[in-house]
Amino acid sequence: MTASRHGLATAAAIAAAVVFAAAGGAVSLWVALADSQRGPGAAFNTAIALSFTVVGAVIASARPRNAVGWLLLAGGVAWADGSAFVDLAHHGIVASPGSVPGATALAIAGSAVRSVGWYVITLAVPIVFPDGRLAGPRWRWLKPALLVVLVAAVIDPLTDPRADLLTFGHWRNPIAPHGAWQAVSALAFLGHFPLSLVLTIAAVAQLVSRWRHGDALRRQQLLLFAAAVAVTFIAAPVALGLGAGGWIFGAAALPLPFAIGFAVLARGLYDLRTAVNRTLVWLMLSAVVVGVYGLVIVGLGGLLHVGREASWLPWAAAGAVAVSFAPLRDSLQRAVNRVTFGRWDEPYAVLAALGQRVEGTADVDRLLADVVAELEGLGLRDVAISDAVGVLLAGAGEQEQRTAMPLSAYGRLVGSLRYSVSATQLRGRDRQLLGDLAGHLGGVLHARRLASDLEHAREQLVLAREEERRRLRRDLHDGLGPALAGHLLRLDVVAAQVGASSDAAADINRLREELRGTVAEVRRVVEGLRPPALDELGLAGALRQVAQRMAAGSPMRIVVTAAELPSMSAAVEVAAFRIVTEAVTNAVKHAAAATCHVELAAAAGRLRLTVEDDGAGLPEHARGVEGHGLQTMRERAEELRGRLRVGKGRDGMGTRVTAELPLPPAQRPAQSAAVTAVAR
């Protein structure tokens, strides 16, 4: 019951305020008509005051906790009634002296009340726009400063000799102090005029702060408010320059209260780009149509030597305009769309460009980075693409308040697209384009996952193969090899016991030769399964041994530098050994170099191999074409999801081969400490 009574009292107060403002507006219009003043200026002034009052009433009724509505309501009522008092006093003092009782009191009170209304609308509303609160604790000083301005705005007309009314002729304020007390008026003026300039600057700074820290809706509210205020400021010098009075300024300021009301009340604001787009199209189209019309009349009349008064010329110009209207409109619409909406208005071009990228690249990660750049070029911010488990694949890292769009392929979730919109919300067709792009991205992420699974399976196959080879070599070397050697020794003992003259001696000798061949074949198989030096010397020692062997018959100096290497799998060891051996072999055979540097280092879970010489480098005709050796090295690296690069050496001389191999965990002791070996 109490809440109901409170609501009724609030509604009654709002209705009473609107009635008072309407009464004040009616008085102002009556005075303007009675005194034969300039009708448009008075009408627009009244319309603005009533507009602020009505919009404030609507906001106060719909959002009673938002101070913007109450400030607009109070400011509009004070402006309307204060202006009515001043206009009525002007009628009773200047236009028709003595016709209005108490005209002096009305003049003084009206000047003070009108000043308060102006300051409430021009200062108080921007300070708390759009949510009715200050932007933060550091702006708390604005409220007491505003109170000082309002108090000074009341004191100044009361103490000023002319009550701040410059159109009242020789009339003087009878209650204005004299003598030394006139300083009160000067202090009151300093208290509201200069301080109001400071508050205006602070209000603008606070609005900028709200823009920088606000979301998309808040930025739209501020943009709409700024656009309406900008129109008013632009109209002020135009009105002064043309000498057209206040009606131009009033006409420009009339949309301001409605813009404020729409910004505060609307949940999803109208797309301002659409309004700008349509305005530009019709303004440009109107100008072009007028130009075509005039050009046809002037040009055709001059060409046919007929006067402009010919009756058929306007019909010809109208026909030309009618024929060219549709093509002109379409051309202008496309041009303006490109300016206001960018590539959002070319969905097929965007989708076609993405399709071409998908067809023309094999690097999915780079493709995703290009898609992120494309979406940011469309106006989205903080774009990020993640896989199904949330791992970031491309774009910005974690950001708050981002819109998430799921990416699916073949009925399964494969990732997500996250983004933040700019100040202008996406249109329906923009969201449709984004959904079409998401469909293509889902297919790309699905292909990426399949490729990743395939690479992982191949890597596991290679790792298992090399581990099995290492096990087989160990079994053959430590088991079968010694057993065969033992059998061979026993045959030697048997042969000695039988003697050379025995009939079995020939069979025993033949068996011994076959057994020796079997031992040699086992040794060959063991060495083919895995380089023996890797198990005997480790990776660094095996490469040092290879360098010494290759440098023995060559004038090249081979320098092997190996940092302390962690334990690594058999596959990584074999791949590293084969890649370095092949690269050094190519340098010895083809580079004609004096020095070849081999470097091994492990960091961030990857083994980095570098083979660099100071020779002639790759010939021009061979660049971009890989021979069997380079192709084999690249395949060994890619089998383990590594990569290999071949290019020029330092200072553009020689050839540099760089390979990076991931280091899967392996249960082996760490290899020897750092070592540098030079082979000549």
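The values are calculated or read from the model by the stated rules, or taken from the named source; none is laboratory data. Since the structure is predicted, the reported quantities are computational estimates derived from the model, not experimental observations. Quick reminder, even Gly has a Cβ in these numbers, built from the backbone with ideal geometry, and neighbours come from all protein chains shown. Ligands, DNA and RNA are stripped out before the accessible areas are found, and what is left, the full protein with its side chains, is counted by its heavy atoms. Shrake-Rupley method; radii C 1.70, N 1.55, O 1.52, S 1.80 Å.
Amide H neighbours of Cys596 under 5 Å, counting only residues 5+ apart in sequence or on other chains, H built in-plane at 1.01 Å?
Arg557, Ile558, Val559
Once both labels are modelled 7 Å past Cα along the beta-carbon direction, what's the Ser331-Val148 spacing in nm?
6.1
Using label points projected 7 Å from each Cα along Cα→Cβ, tell me how many nm separate Ala464 and Glu514, to one decimal.
So the two model labels end up 3.7 nm from each other.
Rank by packing, highest mean first: peptides 443-454, 629-640, with packing defined as the count of other Cβ atoms within 10 Å averaged across residues. Walk me through the numbers before you get to the answer.
Details: 443-454: 15.6, 629-640: 17.8.
The densest-packed peptide leads the list: 629-640, 443-454.
What figure in square angstrom, to the nearest 10, would you give for the accessible area of Lys589 with a 1.4 Å probe?
Lys589 exposes around 150 Å² with every protein chain in place.
Sequence-distant or interchain residues sharing an amide H contact under 5 Å with Ala394, placed H: which?
Ile385
Ranked highest first by the average count of other Cβ atoms within 10 Å around their residues, in what order do 69-77, 597-605 fall?
Working: 69-77: 25.4, 597-605: 16.3.
Top of the packing list down: 69-77, 597-605.
Excluding ligands and nucleic acids, what accessible area in Å² is computed for Val323 using a 1.4 Å probe, to the nearest 10?
120
Ranked from the most accessible area to the least, with a 1.4 Å probe and all protein chains present, what is the order of Thr585, Thr200? Don't skip to the end; give the middle numbers.
Numbers: Thr585 30, Thr200 60 Å².
Per-residue accessible area, sorted high to low, gives Thr200, Thr585.
Estimate the FRET efficiency between Ile201 and Ala616 by the formula 1/(1 + (r/R0)^6), using the beta-carbon distance for r and 45 Å for R0, to the nearest 0.05. Before the final figure, lay out each step's value.
Values: r = 70 Å, r/R0 = 1.56.
That pair, Ile201 with Ala616, gives E of 0.05.
Rounded to the nearest 0.05, what FRET efficiency do His628 and Leu392 give with R0 = 30 Å and r taken as the Cβ-Cβ distance? Could you check?
Details: r = 39 Å, r/R0 = 1.30.
In this case the efficiency is close to 0.15.
Among Val204, Val128, what's the order by accessible area (1.4 angstrom probe), most exposed first? Before the final figure, lay out each step's value.
Numbers: Val204 80, Val128 15 Å².
Descending order: Val204, Val128.
Answer with one residue from Pro137, Phe20, Ser115: the one whose Cα lies farthest towards the positive end of the charge dipole of region 1-146, charges on Cβ with Lys, Arg +1 and Asp, Glu -1.
Pro137
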